Ligand code: KIV
Ligand code: ZN
């Protein structure tokens, strides 16, 4: 809980952040991410929308039961079934919270809900009361609040607080607000809602106009004391407000805001990497705080200034946000002890068995590459965070390519039953040939939607990290694969198999999904 000058950080990475195509993950991964969020110091973790599917329900229940150190929240529409389901998932949490929402703007009332203002208030009040009978901590969101008539918004908020909501969240559901106007909404609520001092005002901003962080900060200045955000700003459409940007703005400009958060900022970079690995959503290079270039100074004048005095061009130190050092850390003579120390310093927790596997991977890499940097280690560690069982495993690979031959790939792959099978294919290039050969062995056909290679570190012997996205026609979602190797052809094969394994896992674990509207789409 935040003190007088602090704000609560409410994380919806696992709920709103789950909406972009391909970001949907499995329960064990969600629990890992939730643990990392709790370790980061977030106050409230919104773990999912329990009525949405069996998978969402189980994920919220597992996070509630297994993750300590933060409140765990579940989303529900304003109806009894949703609220019951949310409570069922949350009831074993140390500090459970039910978050109920109902749209209030004229557009939503008329076209989506077909309800009058009076009916909206009545339904909101009844639902907050129902939720309050089960759980002491209730958040209410008037969906599309930023486009709601201000008088009506004041009435709804007042009624929800009267019914028992202890947090009132003011979402800019479609990313329409601009900072001064949104701040004015928060100020008006503080001035006009008679019982506003009985609740915390929260803000939840989408990034459609690129203003989510600016709007959130303007709202904090105007008196909001809970900010809803996601790691790396992931979320529906253009995403939600990025946690790392809000936290570092408040910290770096403490002179201006005078507001604190409970976030351990040196955990920001590792958690950003973890979320990117688990969701498959790569962080853009120039992304503030956690992008690769966020602390890179290339202009000569800047470098000169930095050498004379860092503060000439650097407003934050990379260490403050946990960006790994780029100096040499380990080499092929380093032992288990040094590896464990470095892994711990980077903020990861691995058990003995995981560390042993990591040590083997590290030794293999150190044989190929003299200098093993923190970035290399992070890539190796993240392999163990992904919860994609290796149904199919690459045993060996042979490719033939060049300007005057037909690119050909031969793959040997271990099948789920243990048998090793071999097949070959030709393609437009060696990578295309590999993907076709893998398809022949696994029988899993998919379209390649995205393919990207990046050097993990500098240097000719750097590992290349391949990330790709596959789309299966019969499925409504896409699948990400990622792998790194000093040989990018091998990394491509491993990344492709990683995504194929995700498809196989999905088919195995699939549960029928109840198709319901998401907020802003018929909820
Ligand atoms: O954007 C939105 O309005 C939401 C609500 C459910 C809070 O995600
Ligand atoms: Zn949202």
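None of the figures in this text is laboratory data; all of them are computed from the coordinates on show. Please read all numbers here as calculations on a predicted model, not as lab measurements. Don't worry about glycine lacking a Cβ; one is built from the backbone with ideal geometry, like all the others, and counts go over all protein chains shown.
Stokes-Einstein diffusion of region 8-279 at 20 °C, 1.002 mPa s viscosity, Kirkwood radius from Cα pairs, rounded to a whole number: 118 µm²/s.
Helix content alone sets the calculated 222 nm mean residue ellipticity of the chain: runs of n ≥ 4 DSSP H residues at -39500 (n - 2.57) each, divided across all residues, give -12000 deg cm²/dmol.
The calculated FRET efficiency for the pair residue 284 and residue 133, based on their C-beta separation and a Förster distance of 41 Å, comes to about 0.35. Annotation: region 327-385 has a Kirkwood hydrodynamic radius of 11.2 angstrom, from the mean reciprocal C-alpha pair distance.
In plain terms, the residue of 217, 339 with the fewest other Cβ atoms within 10 Å comes first and the most crowded comes last, giving 339, 217. Is the shape of region 377-462 best called rounded, prolate or oblate, per the rule: a/c under 1.5 gives rounded, else a/b larger than b/c gives prolate, else oblate, with a ≥ b ≥ c the square roots of the Cα gyration tensor eigenvalues? It is oblate, given that a/c is not under 1.5 and a/b is not larger than b/c. Here the mean projected area of the convex hull built on the C-alpha positions of region 325-445 is 9.7 nm². Any chance you could give the angle, 0 to 90 degrees and rounded to 10, that helix 54-66 forms with the longest Cα principal axis of the chain? The answer is roughly 90 degrees. The largest-to-smallest principal axis extents of the Cα set in the chain are 75, 60, 43 Å. Region 218-246 and region 141-211 have Cα centres spaced 14 Å apart.
Scaled against the 2.2 N^0.38 Å expected of a compact globular protein of N residues, the Cα radius of gyration of region 393-509 reads 1.05.
Given 25 °C and 0.890 mPa s, how large is the Stokes-Einstein diffusion coefficient of region 229-297 in µm²/s, with Rh as the Kirkwood radius over Cα pairs? Before the final figure, lay out the partial values.
Working: Rh = 12.6 Å.
Diffusion coefficient, whole number: 194 µm²/s.
Once both axes come from the Cα atoms, what is the angle between helix 430-442 and the longest principal axis of the chain, in degrees from 0 to 90, rounded to 10? For 430-442 against the chain, the angle is about 80 degrees.
Arranged by the count of other C-beta atoms within 10 angstrom, fewest first, what order do 196, 231, 170 take?
Working: 196 18, 231 29, 170 24.
Least to most surrounded, the residues fall as 196, 170, 231.
Against the chain, whose longest principal axis comes from its Cα atoms, helix 27-40 is set at around 70 degrees.
Relative contact order of the chain: 11 percent, from C-alpha pairs under 8 Å at least 6 residues apart in sequence.
Provide the three semi-axes, in whole Å and in decreasing order, of the ellipsoid equivalent to region 288-378 as defined by the square roots of 5 times the Cα gyration tensor eigenvalues.
Working: eigenvalues 198, 43, 20 Å².
Taking √(5λ) for each eigenvalue gives 31, 15, 10 Å, largest first.
Given that compact globular proteins tend to follow 2.2 N^0.38 Å, what is the ratio of the alpha-carbon Rg of region 420-487 to that value? Before the final figure, lay out each step's value.
Details: Rg = 13.8 Å, N = 68, 2.2 N^0.38 = 10.9 Å.
Output field value: 1.26.
Using only C-alpha positions, report the orientation-averaged shadow area of the convex hull of region 1-130, nm², one decimal.
9.1 nm²
Highest mean packing first, where packing is the average number of other Cβ atoms within 10 Å per residue, the peptides 317-323, 218-224, 137-143 line up as 137-143, 218-224, 317-323. Computed over the Cα atoms of region 46-103, pair by distinct pair, the Kirkwood hydrodynamic radius stands at 10.7 angstrom.
Subtract the Cα-Cα distance of residue 474 and residue 80 from 0.36 nm times their separation in residues, and report this length gain in nm to one decimal. It would help to have the intermediate numbers written out before the result.
Numbers: separation 394, 0.36 × 394 = 141.84 nm, distance 3.34 nm.
Full extension of this stretch gives 138.5 nm more.
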